[in-house]
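Peer 1: Submitted below is the structure of interest, expressed as structure tokens.
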Amino acid sequence: AQITYIEAHGQTCTVDLPEGWNLMQGAIANGIEGILGECGGSCACATCHCYVDESHLPDLAEPSQTELDMLEHVAAERRPNSRLACQIKATARLDGLILRLPAAQE
Ligand code: FES
């Protein structure tokens, strides 16, 4: 799926992620700096916080309770479209998804 990451300072990067990769992995593998992913994707650090473009929110699976709990600990402002990138898996359905990254992850 083609995913576009927009960093807090405006730099935009569109990458093509293999099916099943999570969006934190995709950011790290492509040198996108606005996502840290310190826990390696186990939903335990909240340093992969991102804002999902509203138009794609309905395409995402609902966040798990663990993800909702971790979203309480994000460094930047939590918004209604806040998600943890490691908990979103790339699928064809997400093609064209836009993620905006916060200015701080810790
Ligand atoms: Fe740690 Fe997503 S990488 S919560």
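Computed from the coordinates by the stated procedures, all read-outs in this text should not be read as laboratory data. Computed from a prediction, not measured in an experiment: that's the story for all the values here. Reconstructed Cβ throughout: ideal geometry from the backbone, glycine too, with neighbour counts over all protein chains shown.
Peer 1: Restricting the range 37-67 to residues that are within 8 Å of the ligand (Cβ to nearest atom) and among the polar types (S, T, N, Q), which is nearest to residue 89 (Cα to Cα)?
Peer 2: Selected residue: 42.
Peer 1: How many residues does the range 73-106 hold that are assigned to a loop (DSSP other than H, G, I, E, B) and of a type in the set (Gly, Ala, Ser)? If you could, list the steps in order and put the result at the bottom.
Peer 2: Residues of the range 73-106 assigned to a loop (DSSP other than H, G, I, E, B): 73-81, 88, 90-91, 95-96, 101-106.
Of the ones still in play, those that are also of a type in the set (Gly, Ala, Ser) are 75-76, 90, 96, 103-104.
The number of residues fulfilling the criteria is 6.
Peer 1: Identify all residues within the range 53-90 that are under 12 Å from the mean Cα position of the chain (by Cα) and among the polar types (S, T, N, Q); write none if there are none.
Peer 2: 81, 82, 87
Peer 1: Something else: Being without any contact (Cβ under 8 Å) to a residue 40 or more places away in the chain, within 23 Å of residue 96 (Cβ to Cβ), touching a Gly at 6+ places or on another chain (Cβ under 9 Å) and not aliphatic (A, V, I, L, M) is the requirement here; does residue 11 meet it? Working first, answer last.
Peer 2: On the way: without any contact (Cβ under 8 Å) to a residue 40 or more places away in the chain: yes; within 23 Å of residue 96 (Cβ to Cβ): yes; touching a Gly at 6+ places or on another chain (Cβ under 9 Å): yes; not aliphatic (A, V, I, L, M): yes.
Yes.
Peer 1: Scan the range 1-36 residue by residue and report those that are hydrophobic (A, V, I, L, M, F, W, C), within 16 Å of the ligand (Cβ to nearest atom) and in a loop (DSSP other than H, G, I, E, B). Walk me through it before giving the result.
Peer 2: Taking the range 1-36 as the starting set, the residues that turn out to be hydrophobic (A, V, I, L, M, F, W, C) are 1, 3, 6, 8, 13, 15, 17, 21, 23-24, 27-29, 32, 35-36.
Next, from what is left, pick out any that are within 16 Å of the ligand (Cβ to nearest atom): 3, 17, 21, 23-24, 27-29, 32, 35-36.
Of everything in the range 1-36, those that are hydrophobic (A, V, I, L, M, F, W, C), within 16 Å of the ligand (Cβ to nearest atom) and in a loop (DSSP other than H, G, I, E, B) turn out to be 17, 21, 32, 35, 36.
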